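K.L.:
A single structure is presented below for examination.
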Amino acid sequence: QVQLVESGGGLVQPGGSLRLSCTASGNIFGLAAMAWYRQAPGKERELVAVISPRGGSTNYADSVKGRFTISRDNARNTMYLQMNSLKLEDTAVYLCKAVTVQTYWGQGTQVTVSS
């Protein structure tokens, strides 16, 4: 059974930075396309960034381009999201997703941007 566990969320002021991590159990990590999503209260789940299985290809939502960076370390079964220049509207629960022949989700980590 594959499990994804996010960490690194917290409270940060506007303009600040956070780095989220998503660590996977099981042997699928190097085969899986991975992604970060976020969901704010009362809003639909939104794709933030996606990365290919070997990390050679990435894509970002327009709202985070130039501020967020997705990366992965397959040797550590871990994916990251470096978030810089955070804005109030980045406040949400951030979830990671892994896709192979099945789709797996983590439980999420809360990011709150507030002054």
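K.L.:
On full extension of the chain, what length is gained from residue 75 through residue 39, given 0.36 nm per residue of separation minus the C-alpha to C-alpha distance?
P.N.:
Length gained between residue 75 and residue 39: 10.1 nm.
K.L.:
Okay, next question. Heavy-atom accessible area per residue, the chain, 1.4 Å probe: how many Å²?
P.N.:
I get 54 Å² per residue for this part.
K.L.:
For the chain, go through all pairs of different Cα atoms, get the mean of 1/r, take its inverse, and jot down that Kirkwood value in Å.
P.N.:
14.0
K.L.:
Sticking with this one: For the chain, what % of the accessible area comes from carbon and sulfur atoms, probe 1.4 Å?
P.N.:
On the chain, the fraction of accessible area on carbon and sulfur atoms equals 46 percent.
K.L.:
For segment 46-112, what does the alpha-carbon gyration tensor say about shape, rounded, prolate or oblate, given a ≥ b ≥ c as the root eigenvalues, a/c under 1.5 as rounded, and a/b over b/c as prolate?
P.N.:
Prolate, since a/c reaches 1.5 and a/b exceeds b/c.
K.L.:
As an exercise, use a Förster radius of 22 Å and the Cβ-Cβ distance of residue 110 and residue 54 to find the FRET efficiency, rounded to the nearest 0.05.
P.N.:
0.15
K.L.:
Then there is this: So what is the relative contact order of segment 23-115, in percent, for Cα pairs below 8 Å that sit 6 or more residues apart?
P.N.:
Value for segment 23-115: 29 percent.
The values are calculated or read from the model by the stated rules, or taken from the named source; none is laboratory data. The model shown is predicted, which means the values in this text are computed figures rather than measured ones. So basically every Cβ, Gly included, is an ideal-geometry build from the backbone, and we count neighbours across all protein chains shown. These accessible areas exclude ligands, DNA and RNA; they are computed on the full protein's heavy atoms, side chains included. Shrake-Rupley method; radii C 1.70, N 1.55, O 1.52, S 1.80 Å.
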